[in-house]
1. Is there a residue in region B:97-114 that is touching a Phe, Trp or Tyr at 6+ places or on another chain (Cβ under 9 Å) and of a type in the set (Lys, Arg)?
2. Looking only at region B:74-83, how many residues end up being surrounded by fewer than 20 Cβ atoms within 10 Å (Cβ to Cβ), within 19 Å of the chain's Cα centre (by Cα) and either more than 14 Å from chain A (Cβ to nearest Cβ) or part of a helix (DSSP H, G or I) (or both)?
3. Being away from chain A (no Cβ under 14 Å) and surrounded by 15 or more Cβ atoms within 10 Å (Cβ to Cβ) is true for just one of B:LYS53, B:LYS17. Which residue is that?
4. Are any of the residues in region A:72-82 in contact with a strand residue (DSSP E or B) (Cβ under 9 Å, 6 or more places away or on another chain), of a type in the set (Val, Ile, Thr) and surrounded by fewer than 24 Cβ atoms within 10 Å (Cβ to Cβ)?
5. Just to be sure I understand, how many residues within region B:106-155 are within 7 Å of chain A (Cβ to nearest Cβ) and touching a Pro at 6+ places or on another chain (Cβ under 9 Å)?
6. (1) surrounded by 23 or more Cβ atoms within 10 Å (Cβ to Cβ); (2) within 17 Å of the chain's Cα centre (by Cα); (3) within 14 Å of another protein chain (Cβ to nearest Cβ); (4) β-branched (Val, Ile, Thr): which one isn't true of B:ILE58, the others all being true?
7. How many of the residues making up region B:43-75 are without any contact (Cβ under 8 Å) to a residue 60 or more places away in the chain and under 15 Å from A:GLY264 (Cβ atoms)?
8. Just need a number here: residues in region B:1-52 that are assigned to a loop (DSSP other than H, G, I, E, B) and in contact with a helix residue (DSSP H, G or I) (Cβ under 8 Å, 6 or more places away or on another chain).
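Bear in mind that the values in this text are calculations on the coordinates, not laboratory data. Just so it is clear, the model here is predicted, and its values are computed rather than measured. A quick note on method: Cβ atoms are made from the backbone with ideal geometry, for glycine too, and the neighbour counts reach across all protein chains shown.
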Amino acid sequence: MRRLREGDVGSLPVIVGLILIWAVFWFLNPNFLTPRNLTNLATQTAATGTISVGIVLVLLLGEIDLSVGQVSGLCAGIMAVLNVKHGVPAWLAIASAVAAGGAIGLVQGFWFSRLRIPSFVVTLAGLLAWQGALLLVLGSTGTLNLTDNTVDALAGTYLPDWAGWAVGVIVILAFAGSGLLTRRRRRAADLDVGPIGAWLAGLIVLVILVAAALLVLNGYLGVPLALLILLGFAAGFDFLVRRTRFGRYIMAVGGSPEAARRAGISVNGIRVAVFALAGVMAACGGVLAASRLLAVNQSSGGSDLLLNVIAAAVIGGTSLFGGRGSVWSAVTGALVIISISNGMDLLGLPASIKFVITGAVLLAAVTIDGVARHGRQASGKA
Amino acid sequence: MGVATRTPILQLAGISKRFGAVQALADVDFEVYAEEVVGLVGDNGAGKSTLVKTIAGINVADQGTYSFQGKAVHVHGPNDVTKLGVSTVYQDLALCDNLDVVNNLYLGREDSGGLPVLKEEPMEKRARDVLRGLSVKIPHVRTPVAELSGGQRQSVAVARSVMWDAKVVLLDEPTAALGVAQTRQVLDLILRLRERGLGVVVISHNMADVFEVCDRIVVMRLGRRVATFDVKAASREEVVGAITGAEFGKLRASDAPAEDLA
């Protein structure tokens with residue numbers, strides 16, 4: 001029940017917010033809630049959400065990475081140049097892009113942790129430098145169109161209806177199975193188990209969500225592969241953060257670097273590893289975005305992408321101050337941000353209004369985070 | 001008291017430590033016996049913290065010897081000391097507020113059976129049993145430390161230091177900033193550690209607390225150990241006199257002040 005209070009109900013405000021946003025846009029333009037637009041929204045969310053998963057890890061650490069947008073663009077550029085100009089097979093080009101993202105993260109993490117330069121300065125320098133690197137990599141071409149089937153398939157593949165339902169059933173069985181297994185292990189260890197009713201309620205909510213999503217997505221082209229990739233990343237990293245030693249150390253460093261250091265945790269090692277993971281996730285997101293646009297150009301990874309991924313993490317409920325949050329906030333937050341942007345596009349609002357509104361939403365999310373932290377401090381809980 | 005005939009579990013002899021022009025510790029001896037609570041008192045800047053950091057291995061002494069259970073040991077860092085079974089609870093407690101009690105008790109020593117995935121159930125069970133064994137009362141072992149009271153946090157920090165086979169525990173100002181009931185909790189916990197046969201060193205400014213839980217009181221002043229009192233045979237005035245240097249007459253110290261040795 002406590003997990004419910006901290007975890008599930010922790011993401012309740014953002015779910016309520018999402019429902020409100022959807023209701024408003026649907027009221028303003030009924031096309032918003034059509035299977036076609038929601039499918040479009042899901043594929044748009046995939047790239048932002050994937051990069052945001054990496055940002056959540058960095059935020060949990062109590063740091064920031066301002067370079068992820070440009071890193072995603074640069075890595076997509078590397079993939080495109082290798083694949084299109086040099087005929088490198090798609091999988092190898094993608095692997096190279098991901099490796100490049102990891103290497104960039106390693107360098108920035110090393111610079112920040114060993115040389116003790118604040119992470120926002122190191123990655124701010126990165127923001128500019130990697131943008132330049134993208135221009136270098138693209139050379140005089142400027143824009144590279146992606147024609148490789150494997151690359152295009154990442155964002156252009158939709159699961160047939162039966163496969164979508166099969167995935168849905170597997171997800172629900174996995175959730176139910178792991179939940180029951182945990183309950184049994186806790187009972188065997190003579191530990192208290194939460195009320196079965198609350199657990200069942202959670203399961204039912206999941207079943208309804210999965211069924212609703214499948215009905216909507218199958219109403220158009222089917223479940224987008226890109227969405228599954230995002231959910232896979234989120235589930236994997238959520239497990240990493242909550243259930244593994246490495247994840248526990250990320251939370252410890254984010255909560256109190258000094259306490260972590262004294263507990264014998266290699267604080268710098270954790271920091272470098274997390275920045276490397278953020279680079280990897282930026283590269284993955286960049287590849288997904290390129291696959292959706294079928295091209296990489298000089299503005300790839302630029303514009304409002306960086307702010308969107310950070311806003312997504314914070315709106316989802318991950319604190320900017322470290323040690324509090326969940327990987328799933330990247331998904332829920334990205335859905336909110338992309339819904340707003342998608343809805344404003346449908347309404348035909350000009351870029352000026354879009355920027356102002358997105359900025360206001362980010363400010364609101366950060367304000368809630370800051371006020372909550374202040375509240376914790378005031379009550380001696382910080 | 002018969003203390004002199006037993007072997008101290010932890011003994012430092014002739015410790016000197018200099019920071020630039022400041023002689024932080026000058027030829028200081030210090031010892032703790034098993035099943036004993038030692039109060040380490042002194043004014044600000046008397047050298048208490050430097051001594052504790054030296055015992056904890058954070059400072060390496062310029063001169064002097066360090067022995068544990070009668071054997072001389074070489075201490076190069078805090079890890080060496082932790083391995084011996086000497087743990088320190090600093091005033092800031094070094095807890096991660098965002099993590100729950102189980103995670104804090106196991107921080108850096110998580111149980112995963114060699115695999116990367118943590119074994120939560122055994123950890124939670126042992127955490128619960130350890131806290132029960134020490135009569136530490138908290139709402140639930142899965143409560144984030146941020147939601148605990150000061151006394152509970154102090155108790156969790158102490159429990160963490162002793163649940164890994166510690167033989168000596170150093171507590172830096174364990175009752176500072178605590179209310180009456182919470183101070184009571186922590187003092188009871190200190191007495192329980194003694195019952196379990198641990199050597200406990202308590203640094204404190206609070207004479208009432210020191211006289212309540214300690215067996216011996218070691219007084220530091222200006223980097224030297226100036227007096228040692230048996231609590232049963234000492235008065236508060238004498239201890240305060242030794243701390244401030246306003247010595248009246250001959251000290252009723254149970255061993256010679258360090259100044260006489262120097």
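1. Yes, the conditions are met somewhere in region B:97-114.
2. Residues of region B:74-83 surrounded by fewer than 20 Cβ atoms within 10 Å (Cβ to Cβ): B:74, B:76-80, B:82-83.
Then keep just the ones that are within 19 Å of the chain's Cα centre (by Cα); that gives B:77-80, B:82-83.
Okay, now just the ones that are also either more than 14 Å from chain A (Cβ to nearest Cβ) or part of a helix (DSSP H, G or I) (or both), so B:78-80, B:82-83.
Summing the residues that are surrounded by fewer than 20 Cβ atoms within 10 Å (Cβ to Cβ), within 19 Å of the chain's Cα centre (by Cα) and either more than 14 Å from chain A (Cβ to nearest Cβ) or part of a helix (DSSP H, G or I) (or both) in region B:74-83 gives 5.
3. Values: B:LYS53 fails: away from chain A (no Cβ under 14 Å).
After applying the criteria, what remains is B:LYS17.
4. Yes, the conditions are met somewhere in region A:72-82.
5. 1
6. All conditions pass for B:ILE58, except number (1).
7. 2
8. To start, the set of residues in region B:1-52 that are assigned to a loop (DSSP other than H, G, I, E, B) comprises B:1-2, B:6-9, B:20-21, B:33-35, B:43-47.
Checking which are in contact with a helix residue (DSSP H, G or I) (Cβ under 8 Å, 6 or more places away or on another chain) leaves us with B:33, B:35, B:43, B:46.
Final tally of qualifying residues: 4.
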